[in-house]
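Participant: Below are the structure tokens for one structure; questions will follow.
The values are calculated or read from the model by the stated rules, or taken from the named source; none is laboratory data. Just so you know, these numbers come straight off a predicted model, no measurement behind them. SASA here: full protein model, heavy atoms, side chains in, ligands and nucleic acids out. Shrake-Rupley method; radii C 1.70, N 1.55, O 1.52, S 1.80 Å.
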Amino acid sequence: DVLADLVGLRDPADRTVLPLDELLALTGALPTIGLRDDDSLFDRRFNTTPFVARDGKWLDFLPAELKHPAFNPNAGVSEPDKNTLMRLLAALQIDDTQFLALVKGLANAVVATAAPNDTLLKEVSTGRFVIRLTAASVQLLYRHARLARLFAFKVPELLRLMALTSDLNGKAVSNRFV
């Protein structure tokens with residue numbers, strides 16, 4: 001069965017001209033081991049040299065919470081620091097406006113299997129939210145940002161398309177994502 005599944009991935013990879021690790025990231029977890037070379041897709045996207053030199057490797061650092069300036073009463077302040085936000089924007093290859101649309105669109109997605117009420121966008125006090133960064137949330141954000149780029153959509157367009165998809169609409173709000 002596993003061999004058949006692996007062989008079955010070749011046809012979509014050939015048709016989309018996506019590298020196999022990118023295709024895997026669209027259908028499941030972001031590969032954390034190298035398939036094409038020593039660096040995994042996760043490392044190539046989220047652990048580039050400048051970010052690792054300053055803050056260390058991700059996965060070692062996750063889970064974490066990001067206080068985005070848009071959700072922070074002290075407007076303009078990103079915590080833990082701007083590097084976390086910049087790392088996400090660079091890895092997802094989207095701008096801050098698209099990132100905020102993505103987070104808001106996926107806000108109710110559960111991002112920790114041990115805590116079913118732990119959603120991507122979590123209210124920590126009245127009107128104050130944090131973005132939960134876990135392996136699951138980073139994969140979810142990456143998958144949707146990548147799909148938007150593949151379809152040449154802006155994030156809000158992808159989210160509207162998803163809202164029109166009957167398979168997704170039939171799911172609980174916390175599971176309405178790809």
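Participant: Tell me, what HN-Hα J-couplings in whole Hz come from the Karplus equation 6.51 cos²θ - 1.76 cosθ + 1.60 at θ = phi - 60° for each residue of the range 85-98, using x for Gly and Pro?
Facilitator: Those phi angles translate into 5, 4, 4, 5, 4, 5, 5, 7, 6, 9, 8, 5, 4, 5 Hz.
Participant: Now for a different question. Give the long-range amide H neighbours of F129: residues separated by 5 or more places, or on another chain, with amide H under 5 Å away, using H modelled in the peptide plane at 1.01 Å from N.
Facilitator: Residues meeting the amide H criterion: V124.
Participant: Could you please state how large a percent of the accessible area of the range 113-162 is carbon and sulfur, counting protein chains only and using a 1.4 Å probe? Show your work: numbers first, answer last.
Facilitator: Details: 1390 of 2430 Å².
Solvent-exposed carbon and sulfur of the range 113-162 make up 57 percent of the total.
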